[in-house]
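Contents: one structure, followed by commentary.
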Protein chains: 2
Amino acid sequence: MLRQGPLDRRLGYLLRRAQLAVFQDFFATFAGFAVTPAQYAVLTLVEANPGSSQAQVADALAIKPANFVGLVRTLVGRGLVRRAPVPGNRRSMALTLTDAGAELLSALHAAADAHEGRIADHLGPDVYAALLEPVARLGRLRGA
Amino acid sequence: MLRQGPLDRRLGYLLRRAQLAVFQDFFATFAGFAVTPAQYAVLTLVEANPGSSQAQVADALAIKPANFVGLVRTLVGRGLVRRAPVPGNRRSMALTLTDAGAELLSALHAAADAHEGRIADHLGPDVYAALLEPVARLGRLRGA
DNA sequence: TATTGTTATACTCTATAACTATA
DNA sequence: TATAGTTATAGAGTATAACAATA
C-alpha cells in the first residue's frame, strides 16, 4: 500500500477515480440493457424535452455535434428514438422517443434508481444527498 | 436551455461533467509545464514512495501495466524519473525522482495548490473541504 | 454570413493477448 | 506456476477540418 502524498487532496484525481468506480457500478447495473451512460443521458434528455433538436441535446450534454451523429443513429437503429424534420426549419432534426424507447427508458430509470441507492448506501444517505448539488456546481466551473 | 429530467440526480453523470470541468482548469493551470494529470499523479506517487516498483505505482493509480510503460518512458525521457533495477529482484524496476524531477514537481505542487484554491473559491471553502473525503470514498465503491 | 447536420480523420485512453525473463 | 515488464493491437471517446443544405 503506497502513500498518496498530496494526491488525496487533488479533487480532479479523486473525481476521476470516483467516476470510474460509479460508472463500473452503472455498467454492472445496465449490463442486461446494453445501454451506455451516454445513451442513457440522451434518452433521458429527449424524454424531458420531446421535439428538441439534435444540436440542442448535443449542446446540453457537451457532446460535439460530429460525435453525436453516431450516437443518435444507434438509438434510431434500435427503434428507441425518432428523428423528424422540424416544420419551419429544414436544417434541424427533432428528436422524440418512440413507444419502445419510452418503455425501455422507464425500466432504465428504475435500474438507475437502484444504482443510486447502492451509492447512497455506500456513502450514507445524508452524505449522498449533500453531494449532488456541489458536484453539479463543479460541472459549471470554467477553466481559467 | 433544456430540462435535465432525472439527469441532475444521477451522480455518475454529474461526476463526469465535474471531472471534465476540473480537468479543464488543470490543463489551463499546467499548460506551461506540459504535464498531464496522469503524469502529475505518477510524479507525486514516486515522490511519496521513492524506490517503489513500476507495478506498485501502476496498481496504486489503477493504470494497466501495459499502459504504464509509455507513461514512465516519457518521464524518464524528460529526465524527471530514474528507473533502476531492484537489488535482489531482477524483475522489478524501482522508480525515483531525479533532481530535475523533484524540482519540477515542487513547482507543479504550487500550481496544483493554486488550481485547488480556484475550485475552493468556486464552491466556497467549507463545501470544498467537505467534498474531498466522500469523493475519495466513492473511488472505493465496487461495482455490483 | 451563420447554423445544422454530416463525413472523414486523428489522437488519446483504455483493454486484452501474448511474449521474455525472472522468481 | 506466478510475477514484472514489455509489445502489439483493438476499441472507445473525443477533437478538428471541411462540406452541403438551409437560414
(request) Measure out, as a whole number of angstrom, how far apart the alpha-carbon centroids of the stretch B:59-138 and the stretch A:64-136 sit. (result) 35
(request) With springs connecting C-alpha atoms under 10 Å apart, model chain B as a Gaussian network and identify which of B:17, B:82, B:73 has the largest mean-square fluctuation. (result) B:17
(request) State which helices in chain B qualify, where a helix is a whole DSSP H run, it must extend 30 Å or more along its own axis by its Cα atoms, and its mean Kyte-Doolittle hydropathy must be at least -0.5. (result) B:99-123
(request) Can you tell me the dipole magnitude for chain A around its Cα centre, using point charges on the Cβ only (Lys, Arg +1; Asp, Glu -1), in Debye to the nearest 20? (result) 840
(request) Determine the share of the stretch B:30-138's accessible area contributed by carbon and sulfur atoms, expressed in whole percent, with a 1.4 angstrom probe. (result) 57
(message) Can you work out the Karplus-derived ³J(HN,Hα) for every residue in the stretch B:54-63? Use 6.51 cos²θ - 1.76 cosθ + 1.60 with θ = phi - 60°, whole Hz, and x for glycine or proline.
(response) 3, 4, 5, 5, 4, 5, 5, 9, 6, 9
(request) Over the whole of A:19-30, what's the average partner chain Cβ count within 10 Å per residue? Rounded to a whole number, please. (result) 6
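Per residue, how many Å² of accessible area does the stretch B:30-138 show with a 1.4 Å probe? Can you show the working numbers first?
Working: 5290 Å² over 109 residues.
For the stretch B:30-138, the solvent-accessible area averages 49 Å² per residue.
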(request) Within a 10 angstrom radius of each residue's Cβ in B:39-49, how many Cβ atoms of other chains show up on average? Whole number is fine. (result) 4
(message) Let's see if you can work this out: charge +1 on each Lys and Arg Cβ, -1 on each Asp and Glu Cβ, no other charges. What is the dipole magnitude of the protein assembly as shown about its Cα centre, in debye to the nearest 20?
(response) 1020
(message) Compute the orientation-averaged projected area for the stretch A:13-138 from the convex hull of its Cα atoms and round it to one decimal in nm².
(response) 8.7
(request) Determine by what factor the alpha-carbon radius of gyration of the protein assembly as shown differs from 2.2 N^0.38 Å, reporting the quotient. (result) 1.15
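Over both sides of the A-B contact, add up the buried accessible area with a 1.4 Å probe and give it to the nearest 100 Å². List each step's numbers first, then the result.
Numbers: alone 10020 and 10020 Å², together 14290 Å².
Rounded to the nearest hundred, the buried surface is 5800 Å².
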(request) Determine the calculated [θ] at 222 nm for chain B from helices alone, applying -39500 (n - 2.57) to every DSSP H run no shorter than 4 residues and normalising by the residue count; nearest 500 deg cm²/dmol. (result) -20500 deg cm²/dmol
(message) Need one number for the stretch B:1-40: average projected area of the convex hull over its C-alpha atoms, nm².
(response) 3.8
(request) Averaged over every viewing direction, what's the projected area of the C-alpha convex hull for the stretch A:91-144? Give it in nm², one decimal, please. (result) 6.8
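May I ask you to derive the FRET efficiency for residue A:73 and residue B:107 from their Cβ-Cβ distance with R0 = 35 Å, giving the value to the nearest 0.05? Intermediate results must be reported in sequence, preceding the final value.
Details: r = 46 Å, r/R0 = 1.33.
The pair residue A:73/residue B:107 has a calculated efficiency of 0.15.
The values are calculated or read from the model by the stated rules, or taken from the named source; none is laboratory data. Quantities reported herein were computed from a predicted structural model and do not represent experimental measurements. Positions of Cβ are generated from backbone atoms using ideal geometry, with glycine treated the same way; all protein chains shown enter the neighbour counts. Surface areas here come from the heavy atoms of the whole protein model, side chains and all, with no ligands, DNA or RNA. Shrake-Rupley method; radii C 1.70, N 1.55, O 1.52, S 1.80 Å.
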